[in-house]
Amino acid sequence: MPESHEKPQKDSFDTPWKDILEAYFKDFLAFFLPIAHDNIDWERGHEFLDTELASITREAEIGDRRMDKLVKVWQRNGDEHWVLIHIEVQGDRVPKFAARMYTYQYRAYDLQQKPVVGLAILADEEIGWRPSEYSSILWGTSLTYQFATVKLLDYQDHQAELEKSDNPFSIVTLAHLHAKKTRNRPEDRYQMKLTLVRSLYKRGFSRQQVIDIFRFIDWVLRLPEEIDKRFRHEMLNFEENQKMPYISSVERIGMEIGRQEGHQDGLKEGLKEGAAVVFLRLLQRRFGPPSAVIHDTVKSADLASLELWSDKIFDAGSIEEIFAKP
């Protein structure tokens with residue numbers, strides 16, 4: 001079908017940003033706010049203050065705040081002192097944004113009596129919109145609140161640097177830029193997504209990092225069903241050649257089956273069924289059609305066993321080696 005006839009896609013970024021930020025918060029600050037990263041005592045850990053954030057949101061009545069985060073961190077100077085880092089990822093231009101940032105700042109300070117560092121990630125497409133300050137002056141009283149702002153569009157001219165970086169948020173930023181650039185252009189999006197996912201295996205990421213970053217890419221660079229099937233087939237072949245069965249659509253298929261079930265038990269069963277389907281496909285490609293006994297063994301296995309066997313499939317010399325007990 002010609003691209004001009006494709007049904008427009010609506011991209012959603014809140015959920016993937018939330019997940020990847022929570023999983024790789026240290027990398028997030030290293031990439032977007034290095035001055036904060038370099039002055040935090042990471043050995044003491046960090047804590048997402050969701051309860052405190054909910055309290056601030058309820059009292060402030062400042063709209064849909066799906067991507068705000070308050071994070072407790074410790075400074076390197078050794079004092080019993082910590083700061084709150086307020087983070088927003090804003091996908092579209094909104095009125096009174098700077099005032100909203102200030103509202104969070106003073107309510108968080110009032111709640112904890114601790115310094116609050118503001119950081120706004122502007123993921124919109126208006127190059128000239130760069131709020132970074134809220135100010136007010138009346139009758140000799142003045143107030144100015146400045147916060148850090150990162151504009152993702154600014155990275156468009158630095159894609160070569162992003163492609164060389166080993167920080168997960170270099171890939172996150174590239175994926176976000178590609179999603180904006182390829183909206184309603186599924187073939188272009190397919191090519192960019194394929195290139196981006198393949199690059200994960202060349203950056204020295206761990207298996208878990210590949211899986212986590214892939215989830216972000218897969219969410220923001222969504223494809224129409226038929227093109228998505230082609231993408232999954234390409235990735236299956238690619239992982240087989242690389243002998244790195246990291247993603248291979250196992251979780252994706254299982255999630256789709258689980259969603260059809262419509263409840264948590266269905267989701268868990270769907271994950272297992274999806275893993276079994278993909279593993280049987282891998283077995284057939286590697287060793288030919290599996291026997292009825294092996295087929296039944298795979299179908300009745302739990303998810304942990306399926307993941308273990310999938311990790312062994314490309315290095316094993318025979319089917320028997322895959323199922324052999326350690």
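The values are calculated or read from the model by the stated rules, or taken from the named source; none is laboratory data. Computed from a predicted model, the values in this text were never measured in an experiment. For the accessible areas, the whole protein counts, side chains as well, though only heavy atoms, and no ligand, DNA or RNA atoms are used. Shrake-Rupley method; radii C 1.70, N 1.55, O 1.52, S 1.80 Å.
Tell me, how many Å apart are the Cα centres for region 98-119 and for region 157-210?
Cα centroid of region 98-119 versus Cα centroid of region 157-210: 33 Å apart.
Which shape class, rounded, prolate or oblate, goes with region 85-237 when its Cα gyration tensor gives a ≥ b ≥ c as root eigenvalues, a/c under 1.5 marks rounded, and past that a/b bigger than b/c marks prolate?
Verdict is prolate for region 85-237.
Just the accessible area per residue of region 106-151, please: how many Å² with a 1.4 Å probe? Numbers along the way, then the final one.
Details: 2780 Å² over 46 residues.
Here the residues of region 106-151 average 60 Å² of exposed surface.
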